[in-house]
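*Asks:* The following block contains the structure, expressed as structure tokens.
The values are calculated or read from the model by the stated rules, or taken from the named source; none is laboratory data. Everything numeric here is computed off the predicted structure, so don't read it as measured data. Cβ placement follows ideal geometry from the backbone for every residue including glycine, while neighbour counts extend to all protein chains displayed. Calculation scope for accessible area: heavy atoms of the full protein, side chains included, ligands and nucleic acids excluded. Shrake-Rupley method; radii C 1.70, N 1.55, O 1.52, S 1.80 Å.
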Amino acid sequence: QVQLVESGGGLVQVGGSLRLSCVASTRTFTTYAIGWFRQAPGLEREFVAAVSWNGKDTDYTDSVKGRFTISRDNAKNTVYLQMNGLKPEDTAVYYCAADIFGRIGVRADEYSYWGQGTQVTVSS
């Protein structure tokens with residue numbers, strides 16, 4: 001069983017920045033692709049960004065391109081989501097998830113393990 005723990009969420013003003021972290025409980029994490037998803041109240045969970053097992057490939061949803069950066073440090077079992085230029089529409093609970101096959105995917109059902117989420121609130 002893989003445990004993922006997110007942190008770094010909080011309340012920030014429009015235009016501000018946050019860095020989310022996702023720490024995994026197992027060293028096999030280094031073979032997993034990791035995705036970030038978010039879910040706002042009343043909406044479906046949506047893909048935000050993903051990084052391949054070695055960090056060489058990334059993917060982003062269009063609405064965050066140029067503002068968010070996903071990266072990983074396998075020595076620390078950690079994936080980061082640097083969020084700059086935050087907007088009110090970025091307000092959501094952010095989840096990290098692991099794809100044990102190492103593939104970057106945009107669908108939630110491609111991911112086997114999920115964290116508990118961290119709240120990001122952007123105030124205008």
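*Asks:* Can you find a residue that is among the small types (Gly, Ala, Ser), open to solvent by less than 60 Å² (accessible area, probe 1.4 Å), touching a Phe, Trp or Tyr at 6+ places or on another chain (Cβ under 6 Å) and in contact (Cβ under 8 Å) with a residue 12 or more places away in the chain anywhere in the stretch 67-77? Quick ask: steps written out before the conclusion?
*Replies:* Restricting attention to the stretch 67-77, the residues satisfying the condition of being among the small types (Gly, Ala, Ser) are 71, 75.
Checking which are open to solvent by less than 60 Å² (accessible area, probe 1.4 Å) leaves us with 71.
When the remaining residues are screened for being touching a Phe, Trp or Tyr at 6+ places or on another chain (Cβ under 6 Å), the result is 71.
Next, only the ones that are in contact (Cβ under 8 Å) with a residue 12 or more places away in the chain stay: 71.
Within the stretch 67-77, one or more residues are among the small types (Gly, Ala, Ser), open to solvent by less than 60 Å² (accessible area, probe 1.4 Å), touching a Phe, Trp or Tyr at 6+ places or on another chain (Cβ under 6 Å) and in contact (Cβ under 8 Å) with a residue 12 or more places away in the chain.
*Asks:* Looking at the stretch 1-55 only, could you name the residues that are part of a strand (DSSP E or B), open to solvent by 60 Å² or more (accessible area, probe 1.4 Å) and out of contact with any Lys or Arg (no Cβ under 7 Å at 6 or more places or on another chain)?
*Replies:* Result: VAL5, LEU11, GLN13, ARG19, VAL23.
*Asks:* Continuing with this model, one more query. Taking the residues in the stretch 56-66 that are free of Cβ contacts under 8 Å to residues at least 40 places away in the same chain and either assigned to a strand (DSSP E or B) or open to solvent by less than 40 Å² (accessible area, probe 1.4 Å) (or both) as candidates, determine which candidate is nearest to GLY35 (Cα to Cα). So that I can check it myself, show each step before the final result.
*Replies:* Start the filter on the stretch 56-66 by keeping residues that are free of Cβ contacts under 8 Å to residues at least 40 places away in the same chain, which leaves 56, 60, 62-66.
Then drop every residue that is not either assigned to a strand (DSSP E or B) or open to solvent by less than 40 Å² (accessible area, probe 1.4 Å) (or both), which leaves 60, 64.
Numbers: TYR60: 10, VAL64: 14 Å.
Step by step, filter the stretch 56-66, then rank; the result is TYR60.
*Asks:* Of TYR95, TYR111, TYR80, which residue is crowded, with 17+ Cβ neighbours inside 10 Å and closer than 17 Å to LEU43 by Cα?
*Replies:* On the way: TYR111 fails: closer than 17 Å to LEU43 by Cα; TYR80 fails: closer than 17 Å to LEU43 by Cα.
Checking each option against the conditions leaves just TYR95.
*Asks:* While we're looking at this one, here's another question. How many of the residues making up the stretch 114-124 are under 12 Å from LEU4 (Cα atoms) and open to solvent by 50 Å² or more (accessible area, probe 1.4 Å)? Even if it seems obvious, please write down each step before you answer.
*Replies:* First, pick out the residues of the stretch 114-124 that are under 12 Å from LEU4 (Cα atoms): 114-118.
Filter again for open to solvent by 50 Å² or more (accessible area, probe 1.4 Å), leaving 114, 116.
Residues in the stretch 114-124 being under 12 Å from LEU4 (Cα atoms) and open to solvent by 50 Å² or more (accessible area, probe 1.4 Å): 2 in total.
*Asks:* While we're here: Scan the stretch 39-59 residue by residue and report those that are of a type in the set (Phe, Trp, Tyr) and closer than 17 Å to VAL93 by Cα. Walk me through it before giving the result.
*Replies:* Step one: of the stretch 39-59, the residues of a type in the set (Phe, Trp, Tyr) are 47, 53.
The one that is of a type in the set (Phe, Trp, Tyr) and closer than 17 Å to VAL93 by Cα: PHE47.
*Asks:* Filtering the stretch 98-108 down to residues that are open to solvent by 60 Å² or more (accessible area, probe 1.4 Å) and hydrophobic (A, V, I, L, M, F, W, C), which residue is nearest to PHE37 (Cα to Cα)? Reasoning before the result, please.
*Replies:* Looking only at the stretch 98-108, we keep the residues that are open to solvent by 60 Å² or more (accessible area, probe 1.4 Å), and these are 100-101, 103, 106-107.
Next, from what is left, pick out any that are hydrophobic (A, V, I, L, M, F, W, C): 100-101, 106.
Numbers: ILE100: 16, PHE101: 18, VAL106: 9 Å.
The selected residue is VAL106.
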